[in-house]
Amino acid sequence: MKITKIETLIGSAPGAGNLVYVRTHTDAGIHGVGEVYHVGPDAASPVWVEYFAEQLVGRDPTEIERNWALCYQGARFPIGSSGLAALSAIDVSLWDITGKALDKPVYELLGGRVRDKIRAYWDIHGDTPAELAEDARKNVDLGYTALKASPLSPNWRDMRWNDALADAKARFKAVREAVGDDIDVGFDAHAAIFEPIRVLELTDVLMEYNPWFMEEPIRMENRHEMGKLREKMQCALATGECLYTKFELWDLIREKGVDIVQPEICIVGGLTEMRKIAFMAEAHDLVVAPHNPMGPLASMANLHFDAATSNFLIQESRTLKPFEIASVTNVNQPVDGYYSIPEGPGLGIDIVEEEFSNKPYAGSWHRGDRVNPDNSIAYI
Amino acid sequence: MKITDIKTFHANDGQRNNIFLEIETDEGITGVGEAYSIGPDSSVISMIDEMKIWFIGQDPGRIEWLIRRAKNTMRFPLGQVAWSAISGIDLALWDIAGKAARVPVYSLLGGKTRDRVRVYHGIYGDSPAKVGEHAVQLMDEGYSAFKTSPLPSNWREIPWRQVLREADERMAAIRDAIGDSPDLAVDVHVAIRETTLSLELARVITPYRLMFIEEPSRAEFIESAAELKREFRVALATGENLYGLHRYTELLNADAVDIIQPDMLCCGGLLEAKKIAAVAEAHYVTVAPHNPLGLLSTAAGVHHSASINNFAILEWHGDHKKKKSEFINESWVPVNGYFELPTEPGLGMTLNHEAIAANPPAQWDRGFATYADGSPGFL
């Protein structure tokens, strides 16, 4: 079997941003799909896909490790966000092809499934403590036993820090009152806080209500500081979504900067790299909770990883937008707080191409600006 | 598919014993594996016989689950017996998975990363000249990488200064015979306890441009290897005495190694080896699998080597010419120092039951090494 073509499908829908998918074709009539991380300047992604495709056409798609090395090592300079996002999607598409060729779900190519169902946590939202508590209650009623929220109110940058802390405490108190003590509630500071000491203060005020973990408590660039912070932080530290390849994740692990590893399959290097990171985590008695804000193809690839990985903890989940749901043939969604094991062959999902012809690419996507009260630039 | 039975086989190959196993399934697919022959071999057979009820009735495709479950139920850290048993079972499960999917095992481990697998050949002889002669003869067969002991066989009984002089003469004689070009490694075989002595030896033989020095320190204390690596101007290879992902990670995190040498028959098997290789890759460390046992060990080594990007070279002892080759129906012979990749489903080897039955196991141990004063040495 040989790769004949790798194409990018890119579409935009109002309110849903861009969707960037990859489809790898073979001379055996089998094709595989993967999702590109939505990095912002999304027009860069098809360029990278084409660059890799020039090297991959004619090669055996089931030689996944070799094809990965061909792309990664061929670039020589460390590949940044757009390139790794493209490589990640291509890698996932090759696993999909290999699974289809062998008529097996992808997890069976990873040593088989180690679990019968996959626990999910749900991202909850709310501008005020009351709104956040309401969303928490709603999702616990739907069967979720694990939730994640922002610890801070959306306008925390405009608040005095002590007021932001008081508000954070009020948010968690409201959630605890709404769902009780038995639900796991994690928090995501989203790499938006620059000073490590402030996160420590934030976590300290939340400890009264027993947070499950604090995610991306500080920026990701300095893994040494993450290690120093973890020495003092009282709850588990979750991070990793912004790190690239096993090499950066190893740096984090070596600095003892993480309890719960959160690689992003669509940017870290695909399923091949996810597995290697899980093995490194296993060697250090760490667990993995895949980051998952992308679309349904990313979710399905994560579910295969989750099914096969012993040191998997929990899968991030959120509401898929109509364009995302329409863009694929099917997608597993959690029921009673768990995903079912995905069915194959391959990833067990395909792209609905018409959705992309209806929704052409409308331009690059910006996260928007975040500024401090003095108009200096904040992190987002 | 369900596992219906696990059968063990024990055969003497004229030098030591080989331990094989077969996992049978209700769909008629049988997987073959091999476990490490650790010396008191029957303990490995007993272990497999006793643990097989954990596997019977289960889906053989759930390799991670089956192996994880077996390890977890044993609770205490596994030793050489349990790691060997688990490794043999892992190999047989991958053989089944490959046969069920009708692809070679490497195709289930991320696919092949290379078209052929390079080997180095062990070289032997009573004198350095004989060792050199053996290498030259193997060069005619196409081999281009070799490994030998740097020490005279009676080194424990003679003064250390004499050991170093003879080691120097030995390496000079071998290089004279084979020339500068072939890759040449040496194996100290965890026999030297003192790191100062190993370092002195390394300084004497490093000028002979070695591919690596293997096991220059004892395996129990990883800091010894770390200390040596800080001083070495030559690659340090080690690991065959370690079991499982965690011990290898300790070695790697200690910056104690350049080339790791997991043995597929006791490191935990092919899945564990894949995990170990991934951690090694993040440390910029390559993998040269240890491979002294039966032919199935070579098969597993070839599949593993073919499936990782950070492979260095595979150990090989010309086993196709030895009695142990009778135990396997297939014959794999390196061409120009490389194994071509197998294309048959699974591991690509099957057991010759008649030959195995005709060669019952014999009591085997390594014997004992002693220093000149009669105290026990390492071997």
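Inter-chain neighbour count for B:279-285: the average number of beta-carbon atoms from partner chains within 10 Å of each residue's beta-carbon is 5. Helix B:80-101 and the longest principal axis of the Cα set of chain B meet at an angle near 60°.
Its residues counted as N, the range B:1-88 yields a C-alpha radius of gyration over 2.2 N^0.38 Å of 1.07. Counting Cβ atoms of other protein chains within 10 Å of each Cβ in B:56-64 and taking the mean gives 4. Taken over chain A, the alpha-carbon convex hull comes to 132 cubic angstrom per residue. Summarising the amide proton neighbourhood of A:R59: residues at separation of 5 or more, or on other chains, whose placed amide H is nearer than 5 Å comprise A:I3. Summed over all non-identical Cα pairs, the Kirkwood treatment of chain B gives a radius of 21.2 Å. Measuring between their Cα centroids, the range A:146-177 and the range A:203-260 lie 19 Å from each other.
Estimated translational diffusion coefficient (Stokes-Einstein, Kirkwood radius over Cα pairs, 20 °C, 1.002 mPa s) of the range A:112-225: 146 µm² per second. Using a probe radius of 1.4 angstrom, the carbon and sulfur fraction of the accessible surface of chain A is 50%. With all protein chains kept in place, the per residue accessible area of chain A amounts to 38 square angstrom at a probe of 1.4 angstrom.
Pairs exceeding 23 Å between alpha-carbon atoms, taken from A:K173/A:K256; B:K99/B:K274; B:K2/B:K275; A:K104/B:K99; A:K104/B:K274: A:K173/A:K256; B:K2/B:K275.
Accessible surface buried by the B/A pair amounts to about 2700 Å², both sides summed, 1.4 Å probe. For a Förster distance of 30 Å, can you work out the FRET efficiency between the beta-carbons of B:D126 and B:R233, rounded to the nearest 0.05? Result of the calculation: an efficiency of 0.50.
Taking the average, over residues, of other Cβ atoms within 10 Å as the packing measure, peptides B:135-141, A:133-139 rank A:133-139, B:135-141 from highest down. Under the criterion of Cα pairs below 8 Å and six or more residues apart, the relative contact order for chain B equals 21 percent. Let me check against my output: what whole-number percent is the relative contact order of chain A, with C-alpha pairs under 8 Å and at least 6 apart? Value for chain A: 21 percent. Remark: the range A:34-138 is approximated by an ellipsoid whose semi-axes, taken from the C-alpha gyration tensor as √(5λ), come to 34, 23, 10 Å, largest first. Candidates A:I64, A:A44, A:T26 compared by Cα position along the dipole of the range A:20-65: farthest toward the positive end lies A:A44, with charges placed on Cβ.
The DSSP beta bridges internal to the protein assembly as shown are antiparallel in roughly 50% of cases. Spin-label model, B:W160/B:M74: points 7 Å from Cα along the beta carbon direction are separated by 3.7 nm.
FRET efficiency for the A:N375 to A:R76 pair, using the beta carbon distance and R₀ = 41 Å, is estimated at 0.55. Peptides A:23-36, B:3-16, B:207-220, B:83-96 ranked from most to least packed give B:83-96, A:23-36, B:207-220, B:3-16, packing being the mean of other C-beta atoms within 10 angstrom over each peptide's residues.
Got a number for carbon plus sulfur as a percent of the range B:269-379's accessible area, 1.4 Å probe? Result for the range B:269-379: 55 percent of the exposed heavy-atom area is carbon or sulfur. Peptide packing: for B:251-258, B:296-303, B:335-342, the average count of neighbouring Cβ atoms within 10 Å per residue gives the ranking B:296-303, B:251-258, B:335-342, highest mean first. What's the FRET efficiency of A:K5 with B:D140 using the Cβ-Cβ distance as r and R₀ = 41 Å, to the nearest 0.05? The calculated FRET efficiency here is 0.30. For chain B, the longest principal axis of the C-alpha atoms and the axis of helix B:295-307 are separated by about 90°.
The angle separating the long axis of helix A:44-56 from the principal Cα axis of greatest extent in chain A is about 40 degrees. About the centre of its Cα atoms, the range B:165-310 shows a dipole size close to 220 debye [charges on the beta carbon of Lys, Arg (+1) and Asp, Glu (-1) only; nearest 20 debye]. Note on A:I325 and A:A43: the extension gain reaches 99.3 nm, defined as 0.36 nm multiplied by sequence separation minus the Cα-Cα distance. All Cα-Cα distances of the range A:231-380, cut into 10 Å bins from zero to the largest, leave 10, 33, 31, 20, 5, 0 percent in each bin in turn. Shape analysis of the range B:242-361 yields a ratio of the Cα radius of gyration to the Kirkwood radius, Rg/Rh, of 1.01.
Debye-formula intensities of the protein assembly as shown, expressed as log10 I(q)/I(0) at q = 0.06 Å⁻¹, are -0.41 (one equal scatterer per alpha-carbon, no solvent).
Comparing the full protein assembly with the isolated chain, the residues of the range A:55-103 losing at least 40 square angstrom of accessible surface (1.4 Å probe) are A:E63, A:E65, A:R66, A:L102.
Interface residues of the range A:256-286, defined as those with an accessible-area decrease of at least 30 Å² between the chain by itself and the complete set of protein chains (probe 1.4 Å), are A:K276, A:F279, A:M280, A:E282, A:A283, A:H284.
Using Cα centres only, tell me the gap between the range A:332-357 and the range B:245-279 in whole Å. Each part's Cα centre sits 35 Å from the other's. Legend: distances between Cα atoms for A:K169/A:K232; A:K100/A:K246; A:K228/A:K321; pairs beyond 29 Å are A:K228/A:K321. Each Lys or Arg adds one and each Asp or Glu subtracts one; over the other residues with Cβ under 10 Å from the Cβ of B:Y248, this totals 0. Peptide A:104-116 has a mean shielding of 6, counted as Cβ atoms of other protein chains within 10 Å of each residue's Cβ.
For the pair the range B:171-220 and the range B:300-379, the centres of their Cα atoms are 23 angstrom apart.
Ignoring aspartates and glutamates fewer than eight residues from B:K229 along the same chain, the ones with Cα atoms less than 12 angstrom from its Cα are B:E214, B:E215, B:D255, B:D258. Taken over the alpha carbons of the range B:162-313 as equal point scatterers, the Debye sum produces base-10 log I(q)/I(0) values at 0.10 Å⁻¹ of -0.35.
The values are calculated or read from the model by the stated rules, or taken from the named source; none is laboratory data. Model, not experiment: these values are computed from the prediction. Positions of Cβ are generated from backbone atoms using ideal geometry, with glycine treated the same way; all protein chains shown enter the neighbour counts. To get the accessible areas, we keep the full protein, side chains included, count just its heavy atoms, and leave off ligands, DNA and RNA. Shrake-Rupley method; radii C 1.70, N 1.55, O 1.52, S 1.80 Å.
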